[in-house]
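What follows is one structure encoded as structure tokens, with my remarks underneath.
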Amino acid sequence: MEILGAVFAAVYQFGDAFAFLVLSACGLAVIFGMMGVINLAHGEFIMCGAYVTVMTNRLGVPLPVAILAGALVAGAVGVLVERLVIRHLYSRPLDTIVATWGISLIATQGTLIVLGSTMPGVGTPFGSFEFAGLSYSYYRIVLMLSAVAVLAILYLFFTRTRFGVLARATIQVPSMAEALGVDTRFIYAMTFGLGAALAGLTGGLYAPTMTMVPTMGTTFIMEAFVTVVVGGADVFLGTAPAAAVLAVVKATLTSWYGQLFGQIGLLIAVIIVIRVLPRGISGFILRERA
Amino acid sequence: MRREVLLSTAGLRAGYGGKPILQGVDLEVREGEIVAVIGRNGVGKSTLMRALIGLLPATGGAIVFKGESVEALPAHKRATLGIGYVPQGRDVFPRMSVEENLKVGESIRGSATAADYERVFASFPILKERRAQRAGTLSGGQQQQLAIGRVMISSPQLVLLDEPSEGIQPSIVQDIARTMMEINRSTGVTIVFVEQNLDMIRTMAQRCYVMDKGRIVAAIDAHELDNREAIRRYLAV
């Protein structure tokens, strides 16, 4: 029973870390992988989703609906940001970094001014259960299932829907997609919106587990960037395996040495991966296949 | 009987980064014609193709397609009016299957039916055989057939072919030329193609425009096409 308990604890830790890495990174990965845009405002889209989720939930809307509302609002803000700012900078990738960093600062400080330094949150639902003497949260299990569901839905979306096929074509050879009648500006706007909506979804999902402060997005940023860098540009071939590898590193170090060493471990892992596979896991897989 | 003018340009200018390449191109193509654009390397033939589809903005002059001025329209709008573009180097979507590549081609018209796919597969049987294969793993000749099939899926009225023979083995070049002529006969599609390969020009073209230094400098009629030496002179470096 003791061994079973230890195994369960390890699997739970791994699943928790995997879910956090996947959900942190998916929106960033879609925007970077599909458009090559490095979105430093990623954390603020997560914050936006979390705030909208909490505010709608406190109005009496059920939590799952509130989370979807958070994702939708973040997605709409994303489309707006693409229209107003990102669109004008596609040929200037370095400028996009500065611009999205600026958006990030404005969003954080704006939220601080308008809504104050903190906001009452909503409690974590579903309570907890005990297994082999240790206590576990049901909601964390929901988060793990959500991460797997997000990966599955994204995969089906990009391979089975017409929009997904056109988006992949646009990413591979933009000029050719345009010449075949694809409105590539629309595709870019929607893809950026999708990435922002995924970030909002992540914010909504984690809102019940966190303190609501305007800088809460930074909690996700390190994990998100580490996962995308290790994964490389392809969302499916990169993000999921990168999250799996990093989750092992993070879960192991966190349970043995604590949170800080978990984070240090991730940074060391990313340095090693960049040395060995400069284009990330997906770059490696694609080169092998080409 | 003279057929309607499908595509014409007047004083068309375009270039890269302020460097003018096209210096005022005037041409006229009628419905159902197969017209070659020939000339030495670097005279602006590919640039002309990119300017016609709209991947390169016109800096001056006019492009009229089906009686409508299109020089200000973005490429995807021109495509949906019925222009199919097959670029130099083919530009298939390498990490997508043959079938997915064809699916993107549907965007020219918005949708396609099973009959459209059967029509394209009848012209290019290899595409049916390889429909699930990743386009990046096809040979050059197969990629060329895919790039042509990808625009034909939407039955455009005008097809722009940029050096269809480039990097393809001679036997396949002849196959592709014959297939294009068949499609032209059966559907009446108008074809404008850039080419250096003398055999392909003589097989396919009904007449030629000769380009030099960003302008059309000569037109070769059908009866002159039999004169190998005349064409060779224009192609000579």
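The values are calculated or read from the model by the stated rules, or taken from the named source; none is laboratory data. These numbers were taken from a predicted model, which means no experiment stands behind them. Heads up, the Cβs are rebuilt from the backbone with ideal geometry, glycines too, and the neighbour counts pull from every protein chain shown.
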Extreme residue, nearest to the other protein chains (Cβ to nearest Cβ), among residues of segment B:118-136 that are within 16 Å of B:Ile176 (Cβ to Cβ) and either touching a strand residue (DSSP E or B) at 6+ places or on another chain (Cβ under 8 Å) or of a type in the set (Phe, Trp, Tyr) (or both): B:Phe124
Of the numbered conditions (1) modelled with pLDDT of 90 or more; (2) farther than 17 Å from A:Pro208 by Cα; (3) in a helix (DSSP H, G or I), A:Asn57 fails exactly one; give the number of that condition. (2)
Listed residues A:Leu266, A:Leu286; which is aliphatic (A, V, I, L, M), within 14 Å of chain B (Cβ to nearest Cβ) and part of a helix (DSSP H, G or I)? A:Leu286
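Quick grid of which residues meet (1) surrounded by 13 or more Cβ atoms within 10 Å (Cβ to Cβ); (2) farther than 19 Å from A:Phe20 by Cβ; (3) in contact with a Gly (Cβ under 9 Å, 6 or more places away or on another chain); (4) among the aromatic types (Phe, Trp, Tyr):
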{"residue": "A:Ala50", "(1), (2), (3), (4)": "yes, no, yes, no"}
{"residue": "A:Leu59", "(1), (2), (3), (4)": "no, yes, no, no"}
{"residue": "A:Val77", "(1), (2), (3), (4)": "yes, yes, yes, no"}
{"residue": "A:Arg87", "(1), (2), (3), (4)": "yes, yes, no, no"}
{"residue": "A:Tyr90", "(1), (2), (3), (4)": "yes, yes, yes, yes"}
{"residue": "A:Asp95", "(1), (2), (3), (4)": "yes, yes, no, no"}
{"residue": "A:Gly102", "(1), (2), (3), (4)": "yes, yes, no, no"}
{"residue": "A:Val114", "(1), (2), (3), (4)": "no, yes, no, no"}
{"residue": "A:Pro120", "(1), (2), (3), (4)": "no, yes, no, no"}
Out of segment B:101-117, which residues are of a type in the set (Ser, Thr, Tyr), free of Cβ contacts under 8 Å to residues at least 40 places away in the same chain and assigned to a helix (DSSP H, G or I)? B:Tyr117
Among the candidates B:Ile38, B:Ile21, B:Ile83, which residue alone is within 12 Å of chain A (Cβ to nearest Cβ) and either buried (at least 19 other Cβ atoms within 10 Å of the Cβ) or over 27 Å from B:Tyr234 (Cα atoms) (or both)? B:Ile83
Taking segment B:184-237 and keeping only residues that are at pLDDT below 85 and aromatic (Phe, Trp, Tyr), one is left with B:Tyr234
Out of everything in segment B:41-62 that is without any contact (Cβ under 8 Å) to a residue 40 or more places away in the chain and over 19 Å from B:Asp212 (Cβ atoms), what residue ends up being nearest to the other protein chains (Cβ to nearest Cβ)? B:Leu55
Name every residue in segment B:86-100 that is outside any loop (DSSP other than H, G, I, E, B) and within 8 Å of chain A (Cβ to nearest Cβ), in order of residue number. B:Glu100
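Quick grid of which residues meet (1) crowded, with 18+ Cβ neighbours inside 10 Å; (2) away from chain B (no Cβ under 14 Å):
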residue: A:Val165; (1), (2): yes, no
residue: A:Val182; (1), (2): yes, no
residue: A:Leu198; (1), (2): yes, yes
residue: A:Val213; (1), (2): yes, yes
residue: A:Phe220; (1), (2): yes, yes
residue: A:Val230; (1), (2): yes, yes
residue: A:Lys250; (1), (2): yes, yes
residue: A:Ser255; (1), (2): no, yes
Is it the case that segment A:34-52 has a residue that's in contact with a Ser or Thr (Cβ under 7 Å, 6 or more places away or on another chain), more than 27 Å from A:Pro125 (Cα to Cα) and part of a helix (DSSP H, G or I)? yes
Tell me which helices (runs of 4 or more DSSP H) are completely within segment B:118-219 and hold 3 or more residues being crowded, with 18+ Cβ neighbours inside 10 Å, or say none if there are none. B:140-152, B:170-187, B:198-204
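Return yes or no: is A:Ser91 polar (S, T, N, Q), within 30 Å of A:Pro174 (Cβ to Cβ) and touching an Asp or Glu at 6+ places or on another chain (Cβ under 9 Å)? Step through it out loud before you land on a result.
Working: polar (S, T, N, Q): yes; within 30 Å of A:Pro174 (Cβ to Cβ): yes; touching an Asp or Glu at 6+ places or on another chain (Cβ under 9 Å): no.
It is false that A:Ser91 is polar (S, T, N, Q), within 30 Å of A:Pro174 (Cβ to Cβ) and touching an Asp or Glu at 6+ places or on another chain (Cβ under 9 Å).
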Could you tell me whether A:Ser175 is crowded, with 16+ Cβ neighbours inside 10 Å, without any contact (Cβ under 8 Å) to a residue 60 or more places away in the chain and of a type in the set (Ser, Thr, Tyr)? yes
